[in-house]
Amino acid sequence: MDFDLSEEQRLLKESLEGLLAEMYDFGSRKKYMKENGGWSRAIWTKFAEQGLLGLPFAEADGGFGGGGLEIMIVMDALGKALVLEPYLATVVIGGGFLRHAGSDAQKAAYLPGIIEGSKTLAFAQVEKNSRYDLFDITTTAKRKGDGWVINGEKFVVMNGQSADALIITARMRGARRDKGGIGVFLVPSNTKGISKTSYPTQDGLHAADVVLTGLEVGPDAAIGDPDNGLSVIERVVDEARAALCAEAVGLMDQSLKTTVEYLKTRKQFGVAIGSFQSLQHRAADMFVALEQARSISMFAAMATNLDDPAERMKSIAAAKVQIGRSGKFIGQQSIQLHGGIGMTMEATIGHYFKRLTMIENAFGDADYHLRRLSERGALV
């Protein structure tokens, strides 16, 4: 199998990394964190100008027809630069729902704005006791005329405060953990009945808790089959997991480079600590963990194109397990090898570790996915 990037993919990688090297140093990131919503509209506009926001959408919808590998390239670069902008929430997840199940009217209403950078989205899915199961939903959508009334609470909605629209999961019928009777709704954030409480997360991003009280939506709000939405939720979240794996690889790559550079410059007993054999062994182990993560991330990116949901799930779950293991190891070793300075807000390495930790817990940690694989007879 050929794992080399095509000419177009190399150009994408080089142009994005060049943009981020020019505009996204650690000092600039601190400034962007202070802007409304915790990210930079100017950078988002640059992403739009480079075509990044239209990357996965069909050419007929104004996009560039990119696939899982192109998203992997972008997310890897965003990870290396610790980017704050809501690419995952808007393009990968929000755009994923529109690509796979959105109506023509929904695409016409939102895709042009996403592609040009004037609209962002957020996925309101996590509930208080749902943990990682996508079908564990207590938020309800009750029929009212030809529409619905939605009531419930959603937590840790990434980009929830800034998003122009929310993608909300709600139960149409059945018990809390039934896999049937789940609907997905696309609702403007300023609709009456939506209230938000925003806060920064540990990795510097922003999330919101969302309360839905008597939220009335029309039939045009439903994405796909309003009574059987779990399959599209699972597909889009698998794509999000693969994207997070790619971002984690970028984070691990930069963590290793930063740590090795520190080992070369930090002196103890009159010599660079990188000359100590035991620390060289640690760096070598980190490199092995990184390459394992890089390989399986590419495997996950290719698996997003699989139409068989069982095969797609096993491939991406396996990737999430390895990414979780490698991320934890590289993150912890990076902090240890930096010593006390690695725990400070001024050192970049701690911010990489925080983001890796958040990715580990996004859409299922390593233990959760290992259990899913075990239940299906797969081995990791």
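Values in this text are rule-based calculations from the coordinates and carry no lab data. Since the model is a prediction, treat every value here as computed from it, not as a measurement. As a convention, Cβ positions derive from the backbone with ideal geometry for all residues, glycine included, and neighbour counts pool all protein chains shown.
Within the range 354-362, at least one residue is assigned to a loop (DSSP other than H, G, I, E, B), touching a residue at least 40 places away in the same chain (Cβ under 8 Å) and either buried (at least 18 other Cβ atoms within 10 Å of the Cβ) or of a type in the set (Phe, Trp, Tyr) (or both). Would you check which residues across the range 1-33 are outside any helix (DSSP H, G or I) and under 10 Å from Ala77 (Cβ atoms) and list them? Once the filter is applied, which keeps residues that are outside any helix (DSSP H, G or I) and under 10 Å from Ala77 (Cβ atoms), the range 1-33 yields only Tyr24. Candidates are the residues of the range 172-184 that are assigned to a loop (DSSP other than H, G, I, E, B) and in contact with a Leu (Cβ under 8 Å, 6 or more places away or on another chain); the one that is nearest to Lys142 (Cα to Cα) is Gly180.
So Glu346 ticks every box in (1) charged (D, E, K, R); (2) without any contact (Cβ under 8 Å) to a residue 40 or more places away in the chain; (3) not in a loop (DSSP other than H, G, I, E, B) but one. Which box is left unticked? With respect to (1) charged (D, E, K, R); (2) without any contact (Cβ under 8 Å) to a residue 40 or more places away in the chain; (3) not in a loop (DSSP other than H, G, I, E, B), Glu346 is out only on (3). Where helices (runs of 4 or more DSSP H) fall entirely within the range 63-131, those with at least 1 residues that are closer than 23 Å to Gly183 by Cα and among the hydroxyl-bearing types (Ser, Thr, Tyr) are at 104-116. From the list Ala163, Ala109, the one residue that fits, being in contact with a strand residue (DSSP E or B) (Cβ under 7 Å, 6 or more places away or on another chain) and either in contact (Cβ under 8 Å) with a residue 24 or more places away in the chain or of a type in the set (A, V, I, L, M) (or both), is Ala163. Please go through the range 185-229 and give me each residue that is part of a strand (DSSP E or B) and surrounded by 21 or more Cβ atoms within 10 Å (Cβ to Cβ), ordered by number. Those that are part of a strand (DSSP E or B) and surrounded by 21 or more Cβ atoms within 10 Å (Cβ to Cβ): Phe185, Leu186, His206, Ala207, Ala208, Val210, Leu212, Leu215, Val217, Ala222.
Summed over the range 60-106, residues that are farther than 13 Å from Leu12 by Cα, without any contact (Cβ under 8 Å) to a residue 40 or more places away in the chain and of a type outside the set (D, E, K, R) total 4.
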